[in-house]
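Note sheet for the following structure.
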Amino acid sequence: MNRDQRLIHWLNNTLKTTEYQCVPLAGDASFRSYRRVYVGGDQYIVMDAPPPESTEHFVAIAELLTSQGLTVPKIVARDLEQGFLLLSDLGDRLYLNELNEATADALYQDAFKALFVLHSCRSDLPKFDRPFLQFQMGIFEEWYLGKNKSITVTQTIAEELNPVYERIYQVIERQPQVLVHRDYHSRNLMILEDNNPGILDFQDAIIGPVTYDLVSLLQDCYITWPRERVVDWVASFQRQAQTIGIIDNRSSRNEFLQWFDWTGLQRHLKNLGIFSRLHFRDNKSGYLKDIPRVLSYILETCQRYGELQPLQSFLETIEMETT
């Protein structure tokens, strides 16, 4: 049997019927695929995670987040060996589709509250350490510089980039280390009537810097807000996190904002590589249209910090030479 046939066979056995309808859903940036299943008066989501994808981490994180009262898909049935999961359906109301000037404050405050719970979780997950940072920066160099821009990272270029990577790691290392989702943005948050938001795509969670998910949310790759509004939201998050005890009162507003900016720089450089890899390796070219937004976040951050001027000049030169 091919993959689709095995999935249908598993669903037949799991649902105890062949009287159901499967509708493909938009995929994500992995090899996983999703279908909405209608059976009787009920509906579910089926995840197909072929090797080398794994469902074990998804299940473990789902159980952890559920135990803390967060809203994530419930696991109705599982076959970890084959990589099939039948999940409860959190609906179609993506944050991305309903975020606007009038709704953003309330929706982001709900997202903050869920983040505070997530960040308070205790776990022995892998850490965002220096080798992990080096691996992610390698994605940027291989897929954005190498494949997208046809640039070989010479010794000269490495001498420009490595001090930036080192500074990023120092900023990340100084922050409180908490459980982070790693993709906490408007395409992975669902609007719910109760216990908003619903949280998706959490299987890559890790122990990392407290501003990482905040960057994912407020410097979203799919929606942009004015800097002044982002700064206000960052300050609101900091005040609440200090009150709860997730971070202490020693970090000033400016220092916390710098943590946010430099952590964002790391995430956005990595995303330039990820979006390029999705195009060149995985034939998912839809993410190319989001690269200009990601690049603009990087260049705006470079403009705010003088020590990033060499990175700004490097990237602007690349854009002029390859556009």
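Which numbered condition in (1) free of Cβ contacts under 8 Å to residues at least 60 places away in the same chain; (2) surrounded by 23 or more Cβ atoms within 10 Å (Cβ to Cβ) is the only one that LEU214 fails?
(1)
Search segment 194-204 for residues being over 9 Å from the mean Cα position of the chain (by Cα) and outside any strand (DSSP E or B), and hand back the single one that is surrounded by the fewest Cβ atoms within 10 Å (Cβ to Cβ). Explain how you work it out, then say what you get.
Our first condition is that a residue be over 9 Å from the mean Cα position of the chain (by Cα); within segment 194-204, this holds for 194-200, 203.
Pick out the ones that are also outside any strand (DSSP E or B) and you get 194-197, 200, 203.
Details: ASP194: 6, ASN195: 12, ASN196: 19, PRO197: 25, LEU200: 21, GLN203: 22.
Step by step, filter segment 194-204, then rank; the result is ASP194.
Being out of contact with any Ser or Thr (no Cβ under 7 Å at 6 or more places or on another chain), assigned by TED's automatic domain parsing to the domain that holds ASN162, aliphatic (A, V, I, L, M) and within 29 Å of HIS119 (Cβ to Cβ): is that true of VAL215 here?
For VAL215, the condition - out of contact with any Ser or Thr (no Cβ under 7 Å at 6 or more places or on another chain), assigned by TED's automatic domain parsing to the domain that holds ASN162, aliphatic (A, V, I, L, M) and within 29 Å of HIS119 (Cβ to Cβ) - is not met.
Quick test for you: out of ALA106, ALA111, ALA77, ALA102, pick the one residue that is among the hydrophobic types (A, V, I, L, M, F, W, C), at pLDDT 95 or above and crowded, with 19+ Cβ neighbours inside 10 Å. Even if it seems obvious, please write down each step before you answer.
On the way: ALA106 fails: crowded, with 19+ Cβ neighbours inside 10 Å; ALA77 fails: crowded, with 19+ Cβ neighbours inside 10 Å; ALA102 fails: crowded, with 19+ Cβ neighbours inside 10 Å.
The conditions single out ALA111.
Residues that are farther than 28 Å from LEU288 by Cα, in contact (Cβ under 8 Å) with a residue 40 or more places away in the chain and outside the structural domain of TYR20 (by TED's automatic domain parsing): list the helices (runs of 4 or more DSSP H) wholly contained in segment 68-148 that include at least 2 such residues.
On the way: elements: 95-98, 104-119, 130-139.
Where helices (runs of 4 or more DSSP H) fall fully within segment 68-148 and carry at least 2 residues being farther than 28 Å from LEU288 by Cα, in contact (Cβ under 8 Å) with a residue 40 or more places away in the chain and outside the structural domain of TYR20 (by TED's automatic domain parsing), they are 104-119.
Hey, can you tell me all the residues within segment 283-309 that are without any contact (Cβ under 8 Å) to a residue 60 or more places away in the chain and not in a helix (DSSP H, G or I)?
ASN283, TYR305, listed by residue number.
Matching residues to (1) within 22 Å of the chain's Cα centre (by Cα); (2) part of a loop (DSSP other than H, G, I, E, B); (3) buried (at least 21 other Cβ atoms within 10 Å of the Cβ):
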| residue | (1), (2), (3) |
| --- | --- |
| THR156 | no, no, no |
| GLU159 | no, no, no |
| ASN162 | no, no, no |
| VAL171 | yes, no, no |
| TYR184 | yes, yes, yes |
| ARG187 | yes, yes, no |
| LEU192 | yes, yes, no |
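The values are calculated or read from the model by the stated rules, or taken from the named source; none is laboratory data. Source: prediction; values computed, not measured. Reconstructed Cβ throughout: ideal geometry from the backbone, glycine too, with neighbour counts over all protein chains shown.
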